[in-house]
Amino acid sequence: MEVIVVDREKCTQCHTCVLWCGIEIGSLAKELNQAIHEEPQPVPRVHVEGNNFPLHCRHCEVAPCIDACPNGSMRRDPKTGLVYVHEPTCIACWMCVMVCPFGIVAPSSSHHVAIKCDRCRNMEYPICVEVCPTNALKLQVTRKGLPEGESHYVQYSKGLEGF
Amino acid sequence: MEFVHKKTADSAVESFLPKAAEQGVALVWDRYEGSLPQCGFCETGLNCRDCLQGPCISHPFRDQNKVGVCGKDKDILGVHSFLRLVLHGAMAYFDQLADFAEGVMSGEISPKDKGGSDKVLKDIQALLSNGTAAVMKEFPKGLVDGWRAKGVSPEGIARDLFKVSQKLDGGTSGVEDTLLWAFKAALSGCVAQVLQGRLKLAVFGDGPPKALEVNLGVLQGGVPTILLCGHFSPILKQGIAEAAKGKNMGVMGLCTDPLVPPHIFPPVTNYGSQEIPIMTGAVDLIVAGDQCVNPSLAGLAKQWNVGLVQTEVLNRGGDLKGSARKIVAQVQKAFDGRRKVTRDIPAIKESALMGFSAKGLDMKKIAQAVKGKKIKGLALLAGCNNVKFTQDLEIVSLARELLKRDVFCVSEGCASISLAKYGLLNPQNRESSCGKGLSDLLSSLGKDLPPVVDLGSCENGAVTEFLLAMGKLPQELPLVACFPEANRTKAVARAAWTVAMGVPTYFWPFLPVTGSPKTTEALGDFCQKTFGAKFNVITEKMEPAEKADLILKNLGRG
């Protein structure tokens, strides 16, 4: 599976990933000048919090959100392993919100669905990785659930120690 | 995401792009592509760096971070973003004016019309101290009374610039109030530009429009060549031309006023391709100001072993004439040292007739043609190039559309150079470029009028003088201003005062105010209510024909 990894040294907290996620994924218009005035307000799937760490869905191998969903709206793409919300059937019960250990799933009262990062599964490349001006975000193939490659990239569990 | 577009419509410039790639030379287009995607907060004016508690953003997609640390919300951020640009632009005109006036006052040059020059100098003092420049009396009374009532007419730089600059520091002014302060700064810039034009006329004298050639083909190759780049004192420019006289050397211009009577500095290219002349190898020395000069020129000049003289330095030392003589001696030396450098000059140039003025045009005939509906209206074309668009394509295509549809087009500054490169300032192309009504009007105005009438560089106020000479309030005329490829802050200030004069203005690319619905709306409806014209901020992508449709619709409003 390919996941997004974060280099905390490079993240400047510029929020470019949040902005573009809101435009490309969250908005109907898909265009900056219209998206920023859209109602209900588009919801970005990535959040830049303290400690220079853009939070993305981890697409956990044992995903509590899938288990908690009462009607099978939280699903895993069998091909890519990515976890996503099937919005037409989501009943906005927020079970997934409660069980996510990372606080990734956002309850959207205005959209009446649970909103989370699906790693741009229908796009060639995740938008946040594409727009990150410092290359702090990178797409990497995982082996046994952990990303390969340079050790300075934050791995799942380590990256969250500071929270 | 697809960011890349065709880089330039100018084939002379285009021929250098593969060469630059081969040599690993990064040009403006490479740097632009490298900067993509540009910061969306900055692009929409939702950011602020005016103090050290920030930088702040107003986040469009989150419930937190909606307001800056000091409390600026998205609307104040948006209007401040506009104010910052206008203020910077207005000051640029004061900078040019101050340089020139200082040279004249210190006796560096003996003006052709000493009495006239003294009168203008006195007026400049009045503009700087309390805004009571006599030239304001030449503006239509209705217009000036309106400005006074709103408090936006010039009151001296302490209020027009210093006070305006502090609006960015804080205070509780709302969007519309802040916007009026921005227009105040812009209008004082307008008067500064008009006075600079008047001083130029008094010092160097008036003359008929000049025939000249533009584009890279004007470079000669075999002779020492000085390139005057950007805006700096015309007295220095004249000094260089005088010192070079009879010495078999070329003195060319780039993003500078090409006409300082009796001298002509043929424009080698325009803003977007500012780096290319160095790559021809045919430039031996660059004399560069600050305004409109890309910092990248320093690196390129070094790479091509081209001398670089900065005009805006701390310790100027000596007189301008002495500096001019030194520059001319330096270029001869530079040329001798660069004999081995290959000269690669594309044989592309175009003739143009430039430097018209309201005085030299039969304004009555133009007014009659407007009244008799022989032409659809008048368009002012301004602005330079912007790397966000294919160089020259927007302005030239729009001008061609407008000419075909019988719109009388006047242009100024770098916009004129763009149009000149494609023959739109060449009288020979009048019949083929213009609709019948316009063509008839132009030929009745004189036998050698080009399709687009150039009113001179942005170092003089000929466009404002043209508007004043129309004899009516601009808002009563079918008149629009278009900035199809705007770039510098000067263009924003210029567009702002054009709106304040009652001329509906179209501006591309969109200004960094779109994050604030109130500011965007105020630039439209509030300006319409206050000045009788809208400052149109357009975010949609439009083809030149669509733009022309939009402009014609506006011209037909009356």
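Bear in mind that the values in this text are calculations on the coordinates, not laboratory data. Owing to the predicted nature of the structure, the values given are computational and were not obtained by experimental measurement. Counting neighbours? That spans all protein chains shown, and the Cβs are built from the backbone with ideal geometry, glycine included.
Assorted remarks:
- Potential lengthening of the chain between B:K6 and B:K326 amounts to 111.0 nm, from the contour at 0.36 nm per residue minus the alpha-carbon distance.
- Alpha-carbon centroid distance for the pair the stretch B:164-206 / the stretch B:256-305, whole angstrom: 28
- Near B:F507, the amide H atoms lying under 5 Å from its own belong to B:F483, B:N536, B:I538; only residues 5 or more places off or on other chains count, and H is placed 1.01 Å from N.
- Average Cα contact separation per residue, the stretch B:216-337, under 8 Å, 6 or more apart, as relative contact order %: 34
- Exceeding the 32 Å Cα-Cα cut-off - candidates B:K364/B:K541; B:K74/B:K529; B:K184/B:K349; B:K321/B:K365: B:K364/B:K541; B:K184/B:K349; B:K321/B:K365
- FRET efficiency for B:H88 and B:C42, using Cβ-Cβ distance with R0 set to 25 Å, rounded to 0.05: 0.95
- Ordering B:R488, B:R62 from the fewest to the most neighbouring beta carbons within 10 Å gives B:R62, B:R488.
- Counting Lys and Arg as +1 and Asp and Glu as -1 over every other residue whose Cβ lies under 10 Å from the Cβ of B:V191, the net charge comes to -2.
- For the stretch B:407-529, the relative contact order works out to 20 percent when only alpha carbon pairs closer than 8 Å and six or more residues apart are counted.
- The alpha carbons of the stretch B:341-479 stretch over 57, 29, 28 Å along the principal axes, in descending order.
- Point-to-point label distance, A:I66-A:W94, nm (Cα→Cβ direction, 7 Å offset): 2.5
- Label-point separation in nm, A:S110 to B:D113, each point 7 Å along Cα→Cβ: 6.1
- FRET efficiency for B:S444 and B:R148, using Cβ-Cβ distance with R0 set to 35 Å, rounded to 0.05: 0.35
- Share of pairwise Cα-Cα distances greater than 19 Å in the stretch B:181-302 is 51 percent (whole percent).
- From most to least packed by mean Cβ count within 10 Å, the peptides B:463-474, A:5-16 give B:463-474, A:5-16.
- Structural descriptor for chain B: relative contact order 18 percent, calculated from alpha carbon pairs under 8 angstrom and at least 6 residues apart.
- Radius ratio Rg over Rh of the protein assembly as shown, counting only Cα atoms, Kirkwood formula for Rh: 1.02
- Pairwise centroid distance, computed over Cα atoms, of the stretch A:72-146 with the stretch B:18-44, Å: 32
- Helix-derived mean residue ellipticity, 222 nm - over the protein assembly as shown, DSSP H n ≥ 4, -39500 (n - 2.57), to 500: -10500 deg cm²/dmol
- FRET E, pair B:A158, A:T80, Förster distance 51 Å, beta-carbon r, rounded to 0.05: 0.20
- Distances between placed amide hydrogens fall under 5 Å for B:V287 paired with B:L227, B:L228, B:C229, B:V309, all partners being 5 or more residues away or on another chain.
- Relative to one another, the C-alpha centroids of the stretch A:1-33 and the stretch B:496-547 are positioned 30 Å apart.
- Net charge of Cβ neighbours under 13 Å - reference B:A202; Lys, Arg +1; Asp, Glu -1: +2
- Other residues within the sphere of radius under 12 Å centred on the Cβ of B:S106, judged by their own Cβ, net out at -2 (K and R +1, D and E -1).
- The label point for B:L550 and the one for B:E22, both projected 7 Å from the Cα toward the Cβ, are 4.1 nm apart.
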